[in-house]
Amino acid sequence: MKSALLHIHDDLGAESRLQAACDLARSCEAHIQCVQVRSAPSLMTADIYGGAAFAPAITEELRQIDDRLRIQIEDRLKREGVSWEWRHVDGETVSALLRAARLSDVIVATLPEGARKDFQDPLPIVPDLALGGRTPVLAMPQSAKSFAISGRAVVAWDGSQEAASAIKAAIPLLRLAREVHVVTVEEADKRAFPSTEAPEYLSRHDVSVQMHSWPRGGDAVEAVLLDAISSLAADWVVMGAFGHSRLRELVFGGVTRRMLRETRIPLLLAH
């Protein structure tokens, strides 16, 4: 991965995203594209009670906030010693990031740890980014301190196109991992698939793996997968993003939905 898009926004996940992008840049000799999105305040777009009259003052205040944030992050990146550039775009956050990511290898975004209650909470945009475009998403929990690329990676494999896309996107990072564990969940009610396909594919890309078939018992697949991730002490996870809609209101499969809600380690997602 040589080009990482970093979502720039002043929230509680900003440090986690920045650190992950720097970890990527150092490990892969990658270039960071800092993308700062300015969205119009809702009162300006809706013009309720004549809100548009305040547009110039609000726009200028937002510009000043963005400029201060840019100065802080640019100073930090200079000290980190990584390659980077800055892009400032206008529009709705998800669509703007997806447009900017067309020639990026990965989008670094925040995985919120709870419902959004105020402006400092990270935007819940990972699902939309993962399903709305073709660029894989590195979803960083907002409290994560780093992205341990060289640690222990777990690959969730079920033979689906989504899981295959995630594996292919993750190859450059999996080569750097100390251990790679491919996990399948035994499902008697699901069509059989060649569980060895993923390890064989990865071996052809010089990635050594350990294969695990986790018994499901009577538990939900997502619960079994979370148990496997915990038991293997994973530092990060590769998985397909499953969903049934690309509209703003997404309907996620149960596995993806619970993983996004409960996982506290980085997730590399692809659809």
Every residue from segment 101-117 that is open to solvent by 20 Å² or more (accessible area, probe 1.4 Å) and either over 23 Å from ARG257 (Cα atoms) or part of a helix (DSSP H, G or I) (or both): ARG102, LEU103, ASP105
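Which residues, counting only those in segment 148-182, are in a loop (DSSP other than H, G, I, E, B) and open to solvent by less than 10 Å² (accessible area, probe 1.4 Å)?
Start the filter on segment 148-182 by keeping residues that are in a loop (DSSP other than H, G, I, E, B), which leaves 148-151, 157-160, 175-178.
Within segment 148-182, ILE149, GLY151 meet the criteria.
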I'd like to check which strands (runs of 3 or more DSSP E) are fully inside segment 1-100 and have at least 3 residues that are open to solvent by less than 40 Å² (accessible area, probe 1.4 Å) and either at pLDDT below 95 or within 24 Å of LEU176 (Cβ to Cβ) (or both). 3-8, 31-38
Against the condition in contact (Cβ under 8 Å) with a residue 24 or more places away in the chain and within 20 Å of LEU173 (Cα to Cα), how does VAL82 come out, does it pass? yes
Mind checking whether some residue in segment 129-141 is within 20 Å of ASP11 (Cα to Cα), hydrophobic (A, V, I, L, M, F, W, C), touching a Gly at 6+ places or on another chain (Cβ under 7 Å) and part of a helix (DSSP H, G or I)? no
Among the residues of segment 240-269 satisfying the criterion of being in a strand (DSSP E or B) and open to solvent by less than 10 Å² (accessible area, probe 1.4 Å), which is modelled with the lowest pLDDT? GLY240
Under the condition of being of a type in the set (Gly, Ala, Ser), part of a loop (DSSP other than H, G, I, E, B) and at pLDDT 95 or above, which residue from segment 218-239 is most open to solvent (accessible area, probe 1.4 Å)? ALA233
Which of (1) crowded, with 17+ Cβ neighbours inside 10 Å; (2) modelled with pLDDT under 90 is the odd one out, the single condition ALA198 does not satisfy? (2)
Taking the condition closer than 14 Å to LEU24 by Cα and surrounded by fewer than 24 Cβ atoms within 10 Å (Cβ to Cβ), does LEU138 pass? no
Would you check if there is a residue in segment 186-193 being in contact with a helix residue (DSSP H, G or I) (Cβ under 7 Å, 6 or more places away or on another chain), open to solvent by 20 Å² or more (accessible area, probe 1.4 Å) and closer than 24 Å to ARG258 by Cβ? yes
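The values are calculated or read from the model by the stated rules, or taken from the named source; none is laboratory data. As the structure is a computational prediction, the values presented were derived from the model and not from experiment. So basically every Cβ, Gly included, is an ideal-geometry build from the backbone, and we count neighbours across all protein chains shown. What goes into the accessible areas is simple: the full protein's heavy atoms, side chains included, and nothing from ligands, DNA or RNA. Shrake-Rupley method; radii C 1.70, N 1.55, O 1.52, S 1.80 Å.
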